[in-house]
Amino acid sequence: MPTEERFNESLVIRLNRIWPKISGKLGGFDNNEVEQQYKKRGEEMLLRIMNNPGPLKKLAIKIKMDLPYFWLSEKDRLILCGKIDWLEYLRETDTVHIIDFKTSKSDEDPKSLQLSIYYLLASNCQKRKVVKSSYWYIERNNEPTEQKLPSAEEAENKLLDIARQIKLARQLNVFKCPQKTGCSHCRAYESIIRGDTVFVGTNNYNEDIYIMNSSGMPSEDQSIIL
């Protein structure tokens with residue numbers, strides 16, 4: 001969207017207009033009270049952005065591909081693809097700043113490969129040099145927090161190693177989880193297998209949508225260690 005049009009309409013009004021598409025069980029909400037809590041939280045984050053647009057009111061880069069991708073390894077037939085949250089165009093140096101929006105309350109895991117993936121995609125799917133990367137924790141911060149720029153070679157080697165492991169696991173139909181007691185990535189699928197969920201339909205990406213029964217949802221820790 002052109003720079004001058006991005007904030008012509010309130011982001012909160014836009015959210016309210018599309019909210020019916022994800023309301024109720026289709027959005028994963030077990031009851032109206034929980035849904036309204038999430039909706040209010042979303043509105044507050046959008047208000048923060050409207051009051052502190054920062055780089056969002058400046059020029060941006062749009063990659064022409066609907067789903068940016070490139071060959072991570074033609075030999076191994078491995079493609080890396082994904083959509084980058086935001087690419088700020090730095091006019092003075094004709095370079096690019098990657099911004100990854102974060103809606104979680106906690107900081108991103110230092111071991112996360114998110115910025116590495118974005119860095120490789122931005123470097124291979126458009127011509128300008130990437131010189132900066134940031135997380136923007138929009139629930140609590142008024143501006144992005146700059147992160148160390150990934151090493152291209154290190155990022156590519158890490159992702160290629162993981163991609164090869166995934167490819168082999170799929171070919172053999174065998175996957176050994178390094179977490180012996182399971183991890184957060186698998187718990188939702190384990191809940192589906194146990195029957196703790198209800199199938200509610202498919203989304204625009206043709207993915208199955210399930211909602212967890214209240215009995216199957218883990219309770220949040222109500223205390224903190226100071």
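Quick grid of which residues meet (1) within 20 Å of the chain's Cα centre (by Cα); (2) surrounded by fewer than 15 Cβ atoms within 10 Å (Cβ to Cβ); (3) among the β-branched types (Val, Ile, Thr):
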position	(1), (2), (3)
ASN32	no, yes, no
GLN37	no, yes, no
LEU46	yes, no, no
LEU80	yes, no, no
LYS83	yes, yes, no
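Name the residues in the stretch 26-42 that are within 20 Å of ASN206 (Cβ to Cβ) and either of a type in the set (A, V, I, L, M) or touching a residue at least 60 places away in the same chain (Cβ under 8 Å) (or both), would you?
Taking the stretch 26-42 and keeping what is within 20 Å of ASN206 (Cβ to Cβ), we get 26-28.
Passing the criteria: LEU26, GLY28.
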Conditions first: (1) farther than 30 Å from GLN37 by Cβ; (2) more than 19 Å from the chain's Cα centre (by Cα); (3) of a type outside the set (D, E, K, R). GLY182 passes all but one, so which condition is the exception?
(1)
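I'm checking my understanding of the structure. Among residues of the stretch 181-210 that are among the hydroxyl-bearing types (Ser, Thr, Tyr) and modelled with pLDDT of 85 or more, which one is surrounded by the most Cβ atoms within 10 Å (Cβ to Cβ)? Steps first, answer last, please.
The initial filter retains those residues of the stretch 181-210 that are among the hydroxyl-bearing types (Ser, Thr, Tyr), namely 181, 184, 189, 191, 197, 202, 205, 210.
Retained after the next criterion (residues that are modelled with pLDDT of 85 or more): 189, 191, 197, 210.
Details: TYR189: 12, SER191: 17, THR197: 19, TYR210: 17.
The extreme case among them is THR197.
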Given the structure, is TYR89 free of Cβ contacts under 8 Å to residues at least 40 places away in the same chain, within 17 Å of GLU143 (Cα to Cα) and either surrounded by 11 or more Cβ atoms within 10 Å (Cβ to Cβ) or outside the structural domain of TYR210 (by TED's automatic domain parsing) (or both)?
yes
Which is in contact (Cβ under 8 Å) with a residue 60 or more places away in the chain and among the hydrophobic types (A, V, I, L, M, F, W, C), of MET1, MET45?
MET45
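Listed residues SER123, SER23; which is touching a residue at least 12 places away in the same chain (Cβ under 8 Å), farther than 21 Å from TRP136 by Cα and more than 17 Å from the chain's Cα centre (by Cα)?
That would be SER23, the only listed residue that is touching a residue at least 12 places away in the same chain (Cβ under 8 Å), farther than 21 Å from TRP136 by Cα and more than 17 Å from the chain's Cα centre (by Cα).
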Starting from the stretch 164-175, keep only residues that are farther than 16 Å from GLU74 by Cα, then list their pairs with residues that are aliphatic (A, V, I, L, M) and surrounded by 12 or more Cβ atoms within 10 Å (Cβ to Cβ) whose Cβ atoms are within a distance under 6 Å, requiring at least 6 positions of separation or different chains.
PHE175/ALA169
Select from the stretch 63-78 the residues that are at pLDDT 95 or above and of a type in the set (D, E, K, R) and write down the one among them that is surrounded by the fewest Cβ atoms within 10 Å (Cβ to Cβ).
LYS75
Mind checking whether some residue in the stretch 144-151 is exposed (fewer than 13 other Cβ atoms within 10 Å of the Cβ), more than 26 Å from ARG41 (Cα to Cα) and acidic (Asp, Glu)?
no
Within the stretch 3-15, can one find any residue that is within 30 Å of LEU160 (Cα to Cα), loosely packed, with under 15 Cβ neighbours inside 10 Å and among the basic types (Lys, Arg)?
no
Quick check on the stretch 95-117. Is at least one of its residues buried (at least 18 other Cβ atoms within 10 Å of the Cβ), in contact (Cβ under 8 Å) with a residue 40 or more places away in the chain and either closer than 20 Å to GLY42 by Cβ or not assigned by TED's automatic domain parsing to the domain that holds ILE84 (or both)?
yes
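The values are calculated or read from the model by the stated rules, or taken from the named source; none is laboratory data. These figures come from a predicted structure and were not determined experimentally. Heads up, the Cβs are rebuilt from the backbone with ideal geometry, glycines too, and the neighbour counts pull from every protein chain shown.
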